[in-house]
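Novice: Could you have a look at this structure, given as structure tokens, before my questions?
Bear in mind these aren't lab numbers, they're just calculated from the coordinates by the rules spelled out. The model shown is predicted, which means the values in this text are computed figures rather than measured ones. With ideal geometry, Cβ positions are generated from the backbone for all residues, glycine too; neighbour counts draw on all protein chains shown.
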């Protein structure tokens, strides 16, 4: 009886173990390099609406940098502005204009073999917040990949 029970248990374990290493739907975090995570303080005068951007060329990047600096010289605090677009893609997320400070955005970037997913996490202020008008943004670069990028 013990041998039959052992055979049944081993059979169940063998059939339940999947030896196929199919990782098609396995999400993996993508390493990103922070360029800037802060707020615009131009009361919307920069003309940047709430949006998610994928920038893959120098012209679009230069246009965004000019627009960001339309009111304040914000890009002088960026960790870098010279991007090698043959190796990197820029992800830029701009929140809506907020009536008070303390808001920010975090990004979680993952991939499987089919897509890159950028999950946007909105962080609201806790306690008292300044009454200055802000627009949170988060800009990173990731290694260039031939996959579509989706935001959620």
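Novice: Rounded, prolate or oblate: which fits segment 21-151 when a ≥ b ≥ c are the square roots of the eigenvalues of the alpha-carbon gyration tensor, with rounded for a/c under 1.5 and prolate only if a/b beats b/c?
Specialist: oblate
Novice: Next up: How much length is gained if the chain between residue 34 and residue 71 is pulled fully straight, taking 0.36 nm per residue apart and subtracting their Cα-Cα distance, in nm to one decimal? Don't jump to the answer; show the numbers that get you there.
Specialist: Details: separation 37, 0.36 × 37 = 13.32 nm, distance 2.24 nm.
Here the answer is 11.1 nm.
Novice: Suppose the chain between residue 27 and residue 108 were pulled fully straight at 0.36 nm per residue; how much longer would it get relative to their current alpha carbon spacing? Before the final figure, lay out the partial values.
Specialist: On the way: separation 81, 0.36 × 81 = 29.16 nm, distance 1.15 nm.
That works out to 28.0 nm of additional length.
Novice: Separate question: Mind jotting down the distance between the C-alpha centroids of segment 24-99 and segment 107-144, whole Å?
Specialist: One Cα centre to the other: 11 Å.
Novice: Same structure, new question: What distance in nm lies between label points placed 7 Å from Cα along the C-beta direction at residue 56 and residue 100?
Specialist: Going from the residue 56 label point to the residue 100 one covers 4.1 nm.
Novice: Under a plain spin-label model, where a point goes 7 Å from the Cα along Cα-to-Cβ, how far apart in nm are residue 45 and residue 144?
Specialist: If labels sit at residue 45 and residue 144, their model points lie 3.7 nm apart.
Novice: Give me the one-decimal nm value for the distance between modelled label points at residue 131 and residue 87, 7 Å along each residue's Cα-to-Cβ direction.
Specialist: It works out to 4.9 nm between the two label points.
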